[in-house]
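> Take this structure first; my questions come after.
The values are calculated or read from the model by the stated rules, or taken from the named source; none is laboratory data. No experiment lies behind these values; they were computed from the predicted model shown. Ligands, DNA and RNA are stripped out before the accessible areas are found, and what is left, the full protein with its side chains, is counted by its heavy atoms. Shrake-Rupley method; radii C 1.70, N 1.55, O 1.52, S 1.80 Å.
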Amino acid sequence: MSRGALSALAAVLGGIGNLPGACLGGLVLGVVESVVGGNPHLTSYRDGVAFAVLILILILKPEGLLGRST
């Protein structure tokens, strides 16, 4: 996945317009991709797992990790 797509994914994950949330989203994505990429059986699913984490977070907390509800 390209860097631009990953950074947009991190911003959405953390909450749009929230710099600390985007940083936290990037950290979460980095940890998840490192853990999945380190497992030889799951390496090919690394991007899919990143999007699954995004979907899960947005279902549980639609405004993002540190976003405010309106």
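> Pop out the ³J(HN,Hα) list for region 40-54 in order, Karplus 6.51 cos²θ - 1.76 cosθ + 1.60 with θ = phi - 60°, rounded to Hz; leave Gly and Pro as x.
Values, residue by residue: x, 7, 10, 4, 6, 9, 4, 5, x, 5, 4, 5, 5, 5, 4 Hz.
> Could you order Ile57, Ile16 so the one with the most accessible surface comes first? Probe is 1.4 Å.
From most accessible down to least: Ile16, Ile57.
> Roll a 1.4 Å probe over the protein heavy atoms and report the accessible area of Leu42 in Å², nearest 10.
Number for this one is 70 Å².
> Would you report the distance distribution of C-alpha pairs in the chain as whole percents per 10 angstrom bin, up to the bin with the largest distance?
23, 52, 22, 3, 0
> Once phi is turned into θ = phi - 60°, what whole-Hz ³J(HN,Hα) does the Karplus curve with 6.51, -1.76 and 1.60 give for every residue of region 14-25, x standing for Gly and Pro?
For region 14-25, the Karplus-derived couplings read x, x, 5, x, 10, 5, x, x, 5, 5, 5, x Hz, x marking Gly and Pro.
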